[in-house]
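Novice: Dropping the structure in here first, questions after.
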Amino acid sequence: MTDIWQPVTLGKATLPNRFVMAPMTRSRAQFDGTPGPLAAEYYAQRASVGLIIAEGTQPSADGQGYLMTPGIYTKEHIEGWKKVTSAVHAKGGHIYIQLMHAGRMSHPDNTPHHRQPVAPSAIAPGTGMFTAKGMQDIPTPRALSIEEIRQTVQDFRHAAKCAIEAGADGVEIHAANAYLIQQFFAPSANTRTDEYGGSIENRARFAIEIATAIAEEIGADRTGIRFAPGTTLWGINEGPDYADLYHYLIEKLNKLNLSYVHIMHQGNEELLAYVRKNWAGTFILNRPGHPREEIGKDVASGLVDMEAYGQLILANPDLLARLKANAPLNQADHATYYGGAEKGYTDYPTLS
Ligand SMILES: Cc1cc2nc3c(=O)[nH]c(=O)nc-3n(C[C@H](O)[C@H](O)[C@H](O)COP(=O)(O)O)c2cc1C
């Protein structure tokens, strides 16, 4: 029986255990997208997990959705991320940067160029977003042209290259949670009639092109991808055949030999079993709100290779030490999730 405390190979790296810190936006970057002054300390505090997946990071100005999220496409961003990756490595940790293009989940007030958001089709998500002026409705996006879709694939490629230059161990492609890539998956957000809309093959094309470009640029063994199959967040509806869409993605992506697939579970256990059976590489699972008593069970049962936890690690930088000592856990403070400084970021107490 495999247990979550055992080492695991991921790409070319050997990780000391099978805990993963799930990616979490903290909105504490500088206005130009350079990681904030406390980011290196925040991530280094959590370096005892096998793998840290850093917060959603935009590959371009168009890709930004929320206020003060980091980017990874300029020299300044690279220099800023170098401080983070070297602090994590100094503690023996491993870190991937999550590449997140928000697509229509964006407000012009939050981006450096203040342009209308872009998406597969001109369909608004029907929700609001926090901006410097408070909550505002998200405007209807502009549909990307074919040329712009190709450019966006290149933006992802460039961002992956920048992440490696910044010392990251790899990148995670954010194809989950109702952002740009998942907008392409969902007929509710994608009504295109060209090769990027309609059939499963067409809706999956953008994700596969991005994964192929990044794997070519930095190596498949440093390229992971995250899905949230069947999510209904922010107007996303992938349709009744959504499991077939993911079967197709798994089949195609398998051929690339990516570092891992990461599922943020939405309830479809059958699909998890399908991924286990058909995905040749490393399988990471995040079960939202998973209780402490269940930690390690999915690895032990052989369902997955690694388990990802978000809020438990946000609030407990020394989660592993606490679990080993059977010590109580800190509770996460929701009020300090986004924005601010050290409070709720670098000041969660450790056992010692
Ligand atoms: C503050 C916060 C920010 C998040 N930001 C991201 C993000 O940038 N990218 C992403 O894929 N998921 C994001 N998530 C989702 C988490 O990665 C994770 O899937 C979710 O918190 C459920 O897991 P948990 O119960 O272990 O926290 C975020 C969650 C939280 C609480």
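Novice: Here is a list of conditions, (1) touching a helix residue (DSSP H, G or I) at 6+ places or on another chain (Cβ under 7 Å); (2) open to solvent by less than 60 Å² (accessible area, probe 1.4 Å), and TYR337 meets all of them except one; can you say which number that is?
Specialist: (1)
Novice: Among the residues of region 38-46, is there at least one that is open to solvent by 10 Å² or more (accessible area, probe 1.4 Å) and touching a strand residue (DSSP E or B) at 6+ places or on another chain (Cβ under 9 Å)?
Specialist: no
Novice: If you don't mind, there's one more thing I want to ask. Is there any pair linking a residue in region 303-319 that is more than 15 Å from HIS334 (Cβ to Cβ) to one that is near the ligand (Cβ under 10 Å from one of its atoms) and among the small types (Gly, Ala, Ser), with Cβ under 7 Å and at least six apart or on different chains, and which?
Specialist: Listed pairs, sorted by first residue: ALA308/ALA22; TYR309/ALA22.
Novice: Given the options LYS277, LYS343, LYS297, name the one that is away from the ligand (no atom under 15 Å from the Cβ) and of a type in the set (Lys, Arg). Spell out how you get there, then give the answer.
Specialist: Details: LYS343 fails: away from the ligand (no atom under 15 Å from the Cβ); LYS297 fails: away from the ligand (no atom under 15 Å from the Cβ).
The match here is LYS277.
Novice: Let me ask another. Wholly within region 5-66, which strands (runs of 3 or more DSSP E) include no fewer than the required count, namely at least 3 residues that are more than 15 Å from the ligand (Cβ to nearest atom)? Full working, then the answer.
Specialist: Details: elements: 8-10, 13-15, 19-21, 51-57.
The qualifying strands (runs of 3 or more DSSP E) are 8-10, 13-15.
Novice: Would you check which residues across region 1-33 are open to solvent by less than 10 Å² (accessible area, probe 1.4 Å) and within 18 Å of the chain's Cα centre (by Cα) and list them?
Specialist: Within region 1-33, LEU10, PHE19, VAL20, MET21, ALA22, ARG26, ALA29, GLY33 meet the criteria.
Novice: Determine the pairs where a residue that is within 10 Å of the ligand (Cβ to nearest atom) and of a type in the set (Ser, Thr, Tyr), located within region 169-186, has a partner that is modelled with pLDDT of 95 or more and open to solvent by less than 10 Å² (accessible area, probe 1.4 Å) with Cβ atoms under 7 Å apart, the partner being 6 or more residues away or on another chain.
Specialist: From region 169-186, the pairs are TYR179/HIS101; TYR179/ALA102; TYR179/GLY103; TYR179/MET105.
Novice: Identify, by number, the condition in (1) within 11 Å of the ligand (Cβ to nearest atom); (2) open to solvent by 30 Å² or more (accessible area, probe 1.4 Å) that HIS265 doesn't meet.
Specialist: (2)
Novice: Among the residues of region 118-137 satisfying the criterion of being out of contact with any strand residue (DSSP E or B) (no Cβ under 7 Å at 6 or more places or on another chain) and assigned to a loop (DSSP other than H, G, I, E, B), which is surrounded by the most Cβ atoms within 10 Å (Cβ to Cβ)? Please lay out each step first, then the result.
Specialist: Of all residues in region 118-137, those out of contact with any strand residue (DSSP E or B) (no Cβ under 7 Å at 6 or more places or on another chain) come to 123-127, 130-134.
Okay, now just the ones that are also assigned to a loop (DSSP other than H, G, I, E, B), so 123-127, 132-133.
Details: ILE123: 18, ALA124: 16, PRO125: 25, GLY126: 10, THR127: 14, ALA132: 10, LYS133: 8.
Top of the filtered list is PRO125.
Novice: Moving on to the next point. Of all residues in region 71-100 being of a type outside the set (Ser, Thr, Tyr) and in a loop (DSSP other than H, G, I, E, B), which is farthest from the ligand (Cβ to nearest atom)?
Specialist: Just the residues of region 71-100 that are of a type outside the set (Ser, Thr, Tyr), to begin with: 71-72, 75-84, 87-95, 97-100.
Checking the rest, the ones that are also in a loop (DSSP other than H, G, I, E, B) come to 72, 91-94, 100.
Numbers: ILE72: 13, LYS91: 21, GLY92: 23, GLY93: 17, HIS94: 17, MET100: 6 Å.
Filtering region 71-100 for residues that are of a type outside the set (Ser, Thr, Tyr) and in a loop (DSSP other than H, G, I, E, B), the one farthest from the ligand (Cβ to nearest atom) comes out as GLY92.
Novice: Give me the pairs: first residue in region 116-145 and among the acidic types (Asp, Glu), second residue in a loop (DSSP other than H, G, I, E, B), beta-carbon distance under 9 Å, and six or more apart or on different chains, which are they?
Specialist: The qualifying pairs are ASP137/HIS107; ASP137/ALA124; ASP137/GLY126; ASP137/THR127.
Novice: Also, I was wondering about something else. Scan region 49-92 for residues that are at positive phi and not small (Gly, Ala, Ser) and jot them down.
Specialist: Once the filter is applied, which keeps residues that are at positive phi and not small (Gly, Ala, Ser), region 49-92 yields only MET68.
Novice: Now for a separate question. Tell me, which residue of region 101-113 that is in a loop (DSSP other than H, G, I, E, B) and under 22 Å from PRO35 (Cβ atoms) is farthest from the ligand (Cβ to nearest atom)? Even if it seems obvious, please write down each step before you answer.
Specialist: Restricting attention to region 101-113, the residues satisfying the condition of being in a loop (DSSP other than H, G, I, E, B) are 101-107, 111-113.
Cutting the leftovers down to under 22 Å from PRO35 (Cβ atoms) gives us 101-102, 105-107, 111-113.
Numbers: HIS101: 12, ALA102: 10, MET105: 11, SER106: 14, HIS107: 16, THR111: 16, PRO112: 19, HIS113: 21 Å.
Checked region 101-113; the qualifying residue farthest from the ligand (Cβ to nearest atom) is HIS113.
Novice: Same structure again: Residues being under 16 Å from the mean Cα position of the chain (by Cα) and either closer than 16 Å to GLY239 by Cβ or part of a helix (DSSP H, G or I) (or both): count how many of those fall in region 176-207. Please lay out each step first, then the result.
Specialist: Restricting attention to region 176-207, the residues satisfying the condition of being under 16 Å from the mean Cα position of the chain (by Cα) are 176-183, 207.
Next, from what is left, pick out any that are either closer than 16 Å to GLY239 by Cβ or part of a helix (DSSP H, G or I) (or both): 178, 180-183, 207.
Here the count works out to 6.
Novice: Restricting to region 330-340, give me the number of residues that are within 12 Å of the ligand (Cβ to nearest atom) and on the phi < 0 side of the Ramachandran plot.
Specialist: 7
Novice: A follow-up question, please. Could you list, in sequence order, all residues of region 300-319 that are of a type outside the set (Gly, Ala, Ser) and within 15 Å of the ligand (Cβ to nearest atom)? Can you show your working first?
Specialist: Narrowing region 300-319 to residues of a type outside the set (Gly, Ala, Ser): 303-307, 309, 311-314, 316-319.
Once the filter is applied, which keeps residues that are of a type outside the set (Gly, Ala, Ser) and within 15 Å of the ligand (Cβ to nearest atom), region 300-319 yields VAL304, MET306, GLU307, TYR309, GLN311, LEU312, ILE313, LEU314, ASN316, PRO317, LEU319.
The values are calculated or read from the model by the stated rules, or taken from the named source; none is laboratory data. Everything numeric here is computed off the predicted structure, so don't read it as measured data. A quick note on method: Cβ atoms are made from the backbone with ideal geometry, for glycine too, and the neighbour counts reach across all protein chains shown. Ligands, DNA and RNA are stripped out before the accessible areas are found, and what is left, the full protein with its side chains, is counted by its heavy atoms. Shrake-Rupley method; radii C 1.70, N 1.55, O 1.52, S 1.80 Å.
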